[in-house]
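Asks: Dropping the structure in here first, questions after.
The values are calculated or read from the model by the stated rules, or taken from the named source; none is laboratory data. In this text the structure is predicted, and so the values were computed from the model without any measurement. Heads up, the Cβs are rebuilt from the backbone with ideal geometry, glycines too, and the neighbour counts pull from every protein chain shown.
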Amino acid sequence: MNTDQQEVPERVGMDADGARGAHAEAAHADERDRPQGRIVIVDYDPVWAGRYLLVAERIRSALGAGALSLEHVGSTAVPGLAAKPIVDINLVVADSSREELYVPLLETVGFHLVVREPGWFEHRMLRSNAPAVNLHVFSSGCPEVDRMRAFRDRLRGDARDRQLYEHTKRRLAEREWAHVQDYADAKRTVIDEIMSRPSG
């Protein structure tokens, strides 16, 4: 796939749970970001954990030592939590702005680059359709990686917060959204509420 700057949209914000950029002027140039009807939320499926392990091995085989870390994040990484049936994975590389060092290799195992965000931690997102995966790429030391992990772990460990978050997601999913990112932005209030109070 050609990763020329003109081919891949630049935008801010993502839909891994808790991920956020400066979304004020997001450019939704990629029609792949437009949902077909409503957001689909399904009950937790234990197969998601297995899908992560399968895809993580595929990524490691492609990148070798270039994959500094891989983590299952987002709602599909939280047992018992309903989610969109798309596995979110965080990949840390030495420098995510150096697309030439990892994008071509990931393309050989079924990924394609769909989002480039130079103004937000040099975040990149690649997508795979079989299985459905959003692969978020950050540079080593990026604080967003820690923040996304913290939100995942909070939901894993606190049943009350997990129930509140699921209720909010199901309620929002009943609405029509022009873009998946608009749905993600609408979750910000409850995410900030959860992370601002003591656990338990």
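Asks: Check off (1) modelled with pLDDT under 95; (2) surrounded by fewer than 21 Cβ atoms within 10 Å (Cβ to Cβ); (3) under 20 Å from V8 (Cβ atoms) for V115 and give me the number that stays unchecked.
Replies: That leaves (2) as the condition not met.
Asks: Considering (1) surrounded by fewer than 18 Cβ atoms within 10 Å (Cβ to Cβ); (2) within 17 Å of V8 (Cβ to Cβ); (3) modelled with pLDDT under 95, say which one L101 fails and leave the rest.
Replies: (3)
Asks: Mind checking which pairs have a first residue in the stretch 102-119 that is under 14 Å from S139 (Cβ atoms) and a second that is modelled with pLDDT of 95 or more and of a type in the set (V, I, T), Cβ under 9 Å, 6 or more apart or different chains?
Replies: What qualifies is Y102/V93; Y102/V137.
Asks: Here's a follow-up. Checking T168 against (1) among the hydroxyl-bearing types (S, T, Y); (2) over 25 Å from L70 (Cα atoms); (3) under 17 Å from the mean Cα position of the chain (by Cα), which single condition isn't satisfied?
Replies: Only one criterion in (1) among the hydroxyl-bearing types (S, T, Y); (2) over 25 Å from L70 (Cα atoms); (3) under 17 Å from the mean Cα position of the chain (by Cα) is unmet by T168, namely (3).
Asks: Let me ask something else about it. Which ones in the stretch 29-67 are modelled with pLDDT of 95 or more, touching a strand residue (DSSP E or B) at 6+ places or on another chain (Cβ under 8 Å) and more than 27 Å from V93 (Cα to Cα)?
Replies: Keep residues of the stretch 29-67 that are modelled with pLDDT of 95 or more, which gives 41-67.
The next check asks that each one be touching a strand residue (DSSP E or B) at 6+ places or on another chain (Cβ under 8 Å); those that pass are 41-42, 44, 48-49, 51-52, 55-56, 59-60, 63, 66-67.
Within the stretch 29-67, I41, V42, Y44 qualify.
Asks: Counting just the residues of the stretch 127-144 that are assigned to a strand (DSSP E or B) and among the small types (G, A, S), which one comes out nearest to E117 (Cα to Cα)? Reasoning before the result, please.
Replies: Restricting attention to the stretch 127-144, the residues satisfying the condition of being assigned to a strand (DSSP E or B) are 127-129, 132-139.
Filter again for among the small types (G, A, S), leaving 128, 132, 139.
Values: S128: 19, A132: 21, S139: 12 Å.
Taking the candidates together, the pick is S139.
Asks: Can you tell me which residue in the stretch 150-183 is surrounded by the fewest Cβ atoms within 10 Å (Cβ to Cβ), limited to those that are of a type in the set (A, V, I, L, M) and under 18 Å from P85 (Cβ atoms)? Lay out the reasoning, then the answer.
Replies: We begin by selecting, within the stretch 150-183, every residue of a type in the set (A, V, I, L, M); these are 150, 155, 159, 164, 172-173, 178, 180.
Subsequent filtering for residues that are under 18 Å from P85 (Cβ atoms) retains 155, 172-173, 180.
Values: L155: 26, L172: 18, A173: 16, V180: 20.
Ranking the candidates gives A173 first.
Asks: A follow-up question, please. Please specify each residue of the stretch 56-80 satisfying the condition of being at negative phi and either of a type in the set (D, E) or not in a helix (DSSP H, G or I) (or both). Spell out the reasoning first.
Replies: Initial filter on the stretch 56-80 (at negative phi): 56-63, 65-73, 75-79.
Within the stretch 56-80, E57, A67, L68, S69, L70, E71, H72, V73, V78, P79 qualify.
Asks: Oh, and also: Find the residue count for the stretch 81-120, including only residues that are among the basic types (K, R) and part of a loop (DSSP other than H, G, I, E, B).
Replies: Qualifying residue count for the region: 2.
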